[in-house]
Amino acid sequence: MAITNPGAITFCNEDMRPLAEWLRKLKAISGAMNDEWGAVHSANVPDSSGEYLNDGREAEGVTQVTGEDMHDLMNLCTTIETALNNTTNEILLAKFAVRPLRL
Amino acid sequence: MATYYSKHNASGGGVGSFADPFNLQELFDNVDAGDLGLVCNTGTYTPSATIDVDNSSACNAVNYAVIRGANADGSDDGTIATISGSGLGAGDDLFDFNVVSLTIKIEGLRITAATNYNINLNTALNISSIVLNKCRIDSATSHGIYNQEADLSFCLTMIDCEIYGNGGCGIYSVGIGRGGIRADNCNIHDNAADGIQDTCTSNKSSYKGTIFCDNGGHGLSLSNDALGFTIDHCVFFANDGNGIDFGDTVNTGKLVIKNNIFRSNGGYGIDTNGGSAGQFAFCDYNCYSNNTSGAMDISTPGNNNVTSDPKFTSEVNGSEDFTLQSDSPCKNAGFGYNG
């Protein structure tokens with residue numbers, strides 16, 4: 001039976017399809033970041049709450065981050081990539097996405 | 001008519017000749033109606049303070065001043081001169097326009113990297129007309145152009161301009177002027193927010209032959225009680241939001257939208273936000289293709305639209321070419337083109 005509910009159709013087109021495209025983009029970005037983090041940066045950043053990133057941005061009101069924060073965020077990034085990077089989810093996202101991936 | 005010159009390293013106090021030139025602020029202060037000011041491309045201009053455009057003699061009833069980029073040797077040959085905000089303090093505009101009844105034409109300048117707005121059109125610009133021709137407005141921390149003018153007779157005209165890479169909108173217009181914005185053959189792309197957000201009340205803007213591409217918000221966002229817009233021969237491509245986003249109070253029957261291509265936008269090609277086909281005086285002969293949410297949020301007006309791939313020459317990010325391939329379904333399909 002066809003789903004003809006106008007609200008459901010609008011929700012799918014205005015919210016779900018854009019979400020699928022964002023998730024697909026997030027998957028690509030998180031994958032690239034994980035690759036770069038592992039290959040280049042991880043070894044240079046101690047996983048420690050006592051080591052601050054000295055980028056001087058606290059003067060402009062930006063929160064100072066630690067090495068531990070950076071590792072935690074990249075762990076989250078890995079979790080996201082893992083969740084999205086499997087065939088079932090890739091097929092699901094591709095069903096909803098309309099546009100080609102554009103980075 | 002007098003011709004004056006500026007050079008990037010002029011320290012001030014010159015007479016405006018090529019041998020003894022003005023600095024940039026002096027050039028804008030001294031070029032009166034009918035005069036030509038040449039911004040010689042001797043190097044990148046890096047003013048340490050905002051350039052105030054407030055010369056009340058820059059126009060009169062019959063003429064206006066022209067400021068134009070020029071060759072380093074002073075030749076008026078169409079060379080683009082670059083003015084950068086790299087020497088500004090934090091939060092500074094590169095240009096502030098601040099005078100009543102100003103008409104001025106600015107050509108062949110790249111205005112880049114302001115730490116706030118590249119061009120700030122302030123509320124004093126009553127009954128004014130600003131014309132930008134062959135200018136590049138890019139890489140400001142905030143909006144490329146911020147229009148605050150609220151007078152009924154203000155008009156911003158842009159011809160062959162490129163507005164890109166700004167941290168806010170390409171153009172953010174909050175005035176209520178009836179003159180509105182006119183953009184012909186411009187390229188408005190890769191701005192972090194909307195390409196153009198035009199929230200003016202009661203204006204009559206016109207966008208023709210203009211590209212809205214890869215902006216982080218909508219390509220063109222129109223809101224408030226607009227008297228009317230004409231959007232013709234434009235391309236809306238790969239904007240993160242809608243190609244065109246209308247506010248919910250756009251006046252009925254005042255919008256003409258024809259011969260445009262809406263492709264691969266992240267929302268609708270056109271989102272009326274719950275409006276109706278009655279808002280359009282004419283909306284037909286457009287191409288809607290591959291937009292994430294669909295062509296429009298309402299039943300798409302017109303019987304002559306194209307819904308297949310327009311076949312641009314290139315959609316590659318960063319090297320788009322919106323000319324049409326020979327087998328494009330949009331060739332000769334527009335209104336007035338055997339359509």
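The values are calculated or read from the model by the stated rules, or taken from the named source; none is laboratory data. For clarity, every value in this text was computed on a predicted model and none was experimentally measured. Cβ atoms come from the backbone with ideal geometry, glycine included; neighbour counts cover every protein chain shown. All accessible areas refer to the heavy atoms of the entire protein, side chains included, with ligands and DNA or RNA removed. Shrake-Rupley method; radii C 1.70, N 1.55, O 1.52, S 1.80 Å.
Tabulated data
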{"read-out": "Filtered residues of region B:223-237 (kept if surrounded by 23 or more Cβ atoms within 10 Å (Cβ to Cβ) and either at pLDDT 85 or above or aliphatic (A, V, I, L, M) (or both))", "value": "B:A226, B:I231, B:C234, B:F236, B:F237"}
{"read-out": "Qualifying positions in region A:1-12 - facing chain B (nearest Cβ under 10 Å) and either of a type in the set (S, T, Y) or buried (at least 18 other Cβ atoms within 10 Å of the Cβ) (or both)", "value": "A:T10"}
{"read-out": "Which listed residue is crowded, with 21+ Cβ neighbours inside 10 Å, acidic (D, E) and at pLDDT 90 or above, from B:D214, B:D198", "value": "B:D214"}
{"read-out": "Leading residue by the ranking (farthest from A:A32 (Cα to Cα)) among those in region A:88-97 that are within 14 Å of chain B (Cβ to nearest Cβ) and open to solvent by less than 80 Å² (accessible area, probe 1.4 Å)", "value": "A:F96"}
{"read-out": "Residue satisfying all of: in region A:72-84; in contact with a helix residue (DSSP H, G or I) (Cβ under 8 Å, 6 or more places away or on another chain) and either without any contact (Cβ under 8 Å) to a residue 60 or more places away in the chain or open to solvent by 90 Å² or more (accessible area, probe 1.4 Å) (or both); nearest to the other protein chains (Cβ to nearest Cβ) among these", "value": "A:I80"}
{"read-out": "Residue, most open to solvent (accessible area, probe 1.4 Å), within region B:324-339, restricted to residues that are among the small types (G, A, S) and modelled with pLDDT under 95", "value": "B:G336"}
{"read-out": "Residue tally, condition among the hydrophobic types (A, V, I, L, M, F, W, C), surrounded by fewer than 16 Cβ atoms within 10 Å (Cβ to Cβ) and away from chain A (no Cβ under 14 Å), over region B:282-323", "value": "1"}
{"read-out": "Residue list for region B:255-281, filter: charged (D, E, K, R) and either at positive phi or within 14 Å of chain A (Cβ to nearest Cβ) (or both)", "value": "B:R263, B:D271"}
{"read-out": "Residue count, region B:53-75 (criterion: closer than 19 Å to B:N9 by Cα and open to solvent by 60 Å² or more (accessible area, probe 1.4 Å))", "value": "2"}
{"read-out": "Contacts under 7 angstrom Cβ, first residue in region B:91-104 being modelled with pLDDT under 95, partner buried (at least 17 other Cβ atoms within 10 Å of the Cβ) and aromatic (F, W, Y), 6 or more apart", "value": "B:T103/B:Y64; B:I104/B:Y64"}
{"read-out": "B:S206 more than 14 Å from chain A (Cβ to nearest Cβ) and at pLDDT below 95", "value": "yes"}
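For (1) in contact (Cβ under 8 Å) with a residue 40 or more places away in the chain; (2) surrounded by 13 or more Cβ atoms within 10 Å (Cβ to Cβ); (3) over 17 Å from the mean Cα position of the chain (by Cα), each residue gets a yes or a no:
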position: A:E14; (1), (2), (3): no, yes, yes
position: A:K25; (1), (2), (3): yes, yes, no
position: A:W37; (1), (2), (3): yes, yes, no
position: A:D55; (1), (2), (3): no, no, yes
position: A:G67; (1), (2), (3): no, yes, yes
position: A:M70; (1), (2), (3): no, yes, no
position: A:N86; (1), (2), (3): no, no, no
position: A:R99; (1), (2), (3): yes, yes, yes
position: A:L103; (1), (2), (3): yes, no, no
